[in-house]
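Report on the following structure.
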Amino acid sequence: MSEDRPAPRLPDLDHARYLREALDLAREGQAAGSSPVGAVLVDHAGEIIARGRNRVGEPQTPEHVGDASVAHAEMDLFFQVGQLDEPHTLTLYTSLEPCLMCGGASALLGVGRIVWATDDPWGGAGRLIRWTDHPAMQDTQVVPTPDAELEHQGAALFAPEAKRAFPDEGWALWQRRYPQETAALEDAQASQ
Ligand SMILES: [Zn+2]
């Protein structure tokens, strides 16, 4: 723990409740023509203070980052929320393990905790960032996949995008990590 940063002051939160919100936003993103990824930011009292979702496939507006490769759910959320108040007390919930950009941004902003529903064995940064080894990131706690049912929901939701966006090595990693959900998608596509 660095001396000039406050220790995380993180409450016990019902992770499943907020991951469901993130998954709802992911479905909203999919319906709008973007990727199915959603995120919510929760304060120490359990209030959702910001909601974000992927907007890569939509126009940019004054309120939302969009129409850009950086228009990920977490960046949409941080863009909306502006300056973070007491970031070490906040928990970021995402439907999918954050990428290097979003995980790095969250940790550099000093967000106290990141919780995700489903691993992304290709694009996720949880295994790339040794959070506790990096001086700027050591205060961010990481909680991967705390709810098995929601993890499966998230995997099934994102599997088509994983297959489309990273069809070769990435899809092979997805098949290894989530055999059930990826096989269901292959079966559904084969019978079309
Ligand atoms: Zn990202």
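The values are calculated or read from the model by the stated rules, or taken from the named source; none is laboratory data. These numbers come from a predicted model, not from an experiment. All Cβ positions, even for glycine, are placed from backbone atoms using ideal geometry, and neighbour counts span all protein chains on display.
Counting the residues of segment 96-108 that are closer than 14 Å to W122 by Cα and more than 8 Å from the ligand (Cβ to nearest atom) gives 2.
Put simply, of V37, V111 the only residue that is crowded, with 24+ Cβ neighbours inside 10 Å, β-branched (V, I, T) and within 11 Å of the ligand (Cβ to nearest atom) is V37. Filtering segment 67-95 to residues that are within 16 Å of the ligand (Cβ to nearest atom), of a type outside the set (S, T, N, Q) and surrounded by 19 or more Cβ atoms within 10 Å (Cβ to Cβ) leaves A71, H72, A73, E74, M75, D76, L77, F78, L92, Y93. Those strands (runs of 3 or more DSSP E) of segment 1-109 in which at least 1 residues are over 19 Å from A162 (Cβ atoms), modelled with pLDDT of 90 or more and small (G, A, S), considering only elements entirely within it, cover 48-53.
Looking at this structure, is D120 outside any helix (DSSP H, G or I), at pLDDT 90 or above, of a type in the set (D, E, K, R) and closer than 23 Å to S35 by Cα? Answer is yes for this residue.
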